[in-house]
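Note sheet for the following structure.
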Amino acid sequence: MDQDFTRTTLGNTGITAHRLGLSATYRPGKQTIYKAIDAGVNFFFCFSIDTQMIHVLRDVFKSRREELVVATGAYNLLGAYNLVWGHPSLRRTLEKRLRQLRTDYIDVFLFLGVPKEKHFTQHVKEELCRFREEGKIRAIGISTHNRKFAGNLAAEGAVDTLMIRYNAAHRGAEQDIFPYLNEHNPGVVGYTATRWSYLIRRPRKWPKDERIPTPGMCYRFVLSNPHVHVCLTAPRKMKELEENLASLRDGPLSEEEMEFMRRFGDVVHHTKKWFM
């Protein structure tokens with residue numbers, strides 16, 4: 001890790017980021033987002049419908065734009081959920097986000113939800129690179145659950161950033177992605193650290209007298225892996241944000257704690273439950 005447990009450089013991008021990134025998916029309130037900024041969080045993932053985050057960011061951008069990192073993107077519409085509409089207009093999405101945030105550039109612009117290699121077409125790659133050349137974005141990337149594809153992109157140096165699922169229950173990135181990062185060093189952003197909260201619940205097959213992980217342990221598990229630069233958190237309220245930030249002060253998990261998280265994660269992984 002480039003610096004310390006709470007701050008790092010996002011791979012080859014040169015972007016300095018707090019290692020706990022914030023999403024406002026659950027609408028935690030504008031004061032929670034301001035609190036995150038005051039606490040040193042500077043990596044923010046947002047969509048066009050994240051009105052709370054957009055309002056806060058464009059307010060803070062007036063005086064502190066260079067301190068903050070905003071990641072956003074356009075969804076791939078060729079996946080399982082929509083096979084008929086085709087690719088979105090990447091430029092239209094980018095220009096809309098620039099207007100919404102009242103900024104001249106986006107730090108990390110992602111092609112989101114890419115299930116298969118064929119959906120990341122040459123046209124998409126060229127258009128993303130064109131945005132970067134124009135100075136409208138600093139780094140390009142994708143989000144995907146397809147680990148083999150992500151590993152191939154990392155090995156080729158095709159993107160600056162990868163946003164991937166990684167947690168104690170889903171550790172396949174350790175074999176399929178992380179071994180291929182060294183040569184080109186793309187930034188890695190992890191999400192679903194709590195596996196949609198299943199990692200902080202007691203599974204049916206877990207002994208009743210044994211502890212269960214806290215949310216903070218889930219985030220520390222992800223960030224204890226030196227290949228992950230930023231882990232996203234999506235608190236529902238101020239208290240959850242404060243607890244997650246406080247947990248980072250404890251630094252990386254010990255090997256004993258890591259083993260506990262792997263063991264618990266295995267039980268969660270093999271429990272048949274629906275999750276996104």
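The values are calculated or read from the model by the stated rules, or taken from the named source; none is laboratory data. Nothing here was measured: the structure is a model prediction, and the numbers come from that model. All Cβ positions, even for glycine, are placed from backbone atoms using ideal geometry, and neighbour counts span all protein chains on display.
Just checking, how many residues over segment 88-113 are part of a loop (DSSP other than H, G, I, E, B) and either at pLDDT below 95 or touching a Lys or Arg at 6+ places or on another chain (Cβ under 7 Å) (or both)?
Within segment 88-113, residues that are part of a loop (DSSP other than H, G, I, E, B) and either at pLDDT below 95 or touching a Lys or Arg at 6+ places or on another chain (Cβ under 7 Å) (or both) number 6.
Look through A155, A150, A139 and report the one residue that is modelled with pLDDT of 95 or more, over 22 Å from E66 (Cα atoms) and buried (at least 19 other Cβ atoms within 10 Å of the Cβ).
A150
Name the one entry in P252, P226, P235 that is farther than 22 Å from V69 by Cα, assigned to a loop (DSSP other than H, G, I, E, B), within 19 Å of the chain's Cα centre (by Cα) and touching a residue at least 12 places away in the same chain (Cβ under 8 Å).
On the way: P226 fails: farther than 22 Å from V69 by Cα; P235 fails: farther than 22 Å from V69 by Cα.
Checking each option against the conditions leaves just P252.
Can you tell me how many residues in segment 100-122 are polar (S, T, N, Q) and farther than 19 Å from G151 by Cα?
2
For the structure I just gave you, tell me whether V56 is under 22 Å from G11 (Cα atoms), surrounded by 22 or more Cβ atoms within 10 Å (Cβ to Cβ) and either at pLDDT 95 or above or hydroxyl-bearing (S, T, Y) (or both).
It is false that V56 is under 22 Å from G11 (Cα atoms), surrounded by 22 or more Cβ atoms within 10 Å (Cβ to Cβ) and either at pLDDT 95 or above or hydroxyl-bearing (S, T, Y) (or both).
Could you tell me which residue of segment 1-60 is nearest to P186 (Cα to Cα), considering only residues that are in a strand (DSSP E or B) and hydrophobic (A, V, I, L, M, F, W, C)?
The residue in question is A17.
Search segment 170-188 for residues being under 18 Å from F43 (Cβ atoms) and out of contact with any His (no Cβ under 8 Å at 6 or more places or on another chain), and hand back the single one that is surrounded by the most Cβ atoms within 10 Å (Cβ to Cβ).
Here the residue is P186.
Tally up the residues in segment 19-35 that are in contact with a strand residue (DSSP E or B) (Cβ under 6 Å, 6 or more places away or on another chain) and under 18 Å from A246 (Cβ atoms), please.
Looking only at that region, the number is 4.
Of all residues in segment 157-198, which are assigned to a strand (DSSP E or B) and not hydroxyl-bearing (S, T, Y)?
Passing the criteria: L162, M163, I164, R165, G187, V188, V189, G190.
Against the definition (at positive phi, of a type in the set (K, R) and either modelled with pLDDT under 95 or within 20 Å of the chain's Cα centre (by Cα) (or both)), how does R27 come out, yes or no?
yes
When the residues of segment 137-156 are narrowed to those that are outside any helix (DSSP H, G or I) and among the hydrophobic types (A, V, I, L, M, F, W, C), which ends up farthest from G187 (Cα to Cα)? Please lay out each step first, then the result.
At the first step, the residues of segment 137-156 found to be outside any helix (DSSP H, G or I) are 137-146.
After this cut, where a residue has to be among the hydrophobic types (A, V, I, L, M, F, W, C) as well, the list is 137, 139-140, 142.
Working: I137: 15, A139: 9, I140: 10, I142: 11 Å.
Across segment 137-156, the extreme among qualifying residues is I137.
Applying the selection to segment 255-272, what residues are exposed (fewer than 13 other Cβ atoms within 10 Å of the Cβ) and not in a helix (DSSP H, G or I)?
H270, K272
Considering every residue within segment 115-136, establish whether at least one is under 21 Å from S89 (Cα atoms) and part of a strand (DSSP E or B).
So the first thing to find is which residues in segment 115-136 are under 21 Å from S89 (Cα atoms), and the list is 115-136.
Checking which are part of a strand (DSSP E or B) leaves us with none.
Checked segment 115-136: no residue is under 21 Å from S89 (Cα atoms) and part of a strand (DSSP E or B).
Restricting to segment 189-223, count the residues that are within 15 Å of the chain's Cα centre (by Cα) and surrounded by fewer than 18 Cβ atoms within 10 Å (Cβ to Cβ).
Adding up the residues that qualify gives 1.
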